[in-house]
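What follows draws every value from the coordinates through simple rules; no lab data is involved. What you are looking at is a predicted structure, and each value in this text was computed from that prediction instead of being measured. Note: ideal-geometry Cβ built from the backbone for every residue, glycine included; neighbour counts use all protein chains shown.
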């Protein structure tokens, strides 16, 4: 008797499920077809989006990542549509609420990663620099080696590989030395107080006229800057072509050599730091007088 009761209950459940399955079969088939359709659309959109992004930002890694995100979003939308066709609106609502909570938690947990990712995307769109450019960010300077989603890798002039988070490059001051193909050398020099300053100016300017890489269309400028402790200081400004940091430094080196040689040939002195003791100023005493008085003592 007890067995018959349980048997009837099981049969009733199976019959109920079978009836529900038969009634839901058209919706189930429609949901599967909808999901397949969204998968096909996602693949087509992914290919089109990838081509567009390749032309727009010229960054294959970033283009593939964004195309994959678009693909996944379309698949998720298709899944929600399929669940709605099956009259599972409550399930859809629960999934959306769960996805929102999970997304919020992940956002807090991976805040730095998200910030670097967004910064990498914005830099790829804005293109403040490209691979091969010489950039300066904070205390780091070098040649851009690779631009990734989260980080940018540069090679310093000493051969070190430096990995910089993209948010540091996006949020802080960034200097790109390769944007303009010319740079100015500001070279500081000091000459003796006894020199003819006009002659010094003419000789210094003439000395650097033919250094390698100098831009002939840019005038060489020389300005006297200050009365130093042992010299009168000036800055000579020379514009040169900038194709690499090494050539820039070579041009600066050649300018130093040329000025030193020209000054030597014209007996112009670049003085060492010196100190002169003068006891004969007002209120003071001459050194020989002081020594004589000490001798008498």
If we count other beta carbons within 10 Å of each Cβ, what is the order of 64, 209, fewest first? 209, 64
Fewest first, what order do 223, 240, 39, 175 take by the number of other Cβ atoms within 10 Å? 223, 175, 39, 240
Can you tell me the FRET efficiency between residue 140 and residue 193 if r is taken as the Cβ-Cβ distance and R0 is 41 Å, rounded to the nearest 0.05? 0.50
Classify the stretch 182-265 as rounded, prolate or oblate, taking a ≥ b ≥ c as the square roots of the eigenvalues of its Cα gyration tensor: rounded when a/c is under 1.5, otherwise prolate if a/b is larger than b/c and oblate if not. prolate
Nearest 0.05, what FRET efficiency do residue 55 and residue 256 give at R0 = 35 Å with Cβ-Cβ as r? 0.15
Compute the FRET efficiency between residue 163 and residue 249 as 1/(1 + (r/R0)^6), taking r as their Cβ-Cβ distance and R0 = 25 Å, and round to the nearest 0.05. 0.50
Quickly work out the residue 215-to-residue 28 label distance, labels modelled 7 Å from Cα along the C-beta direction, and quote it in nm with one decimal. 7.5 nm
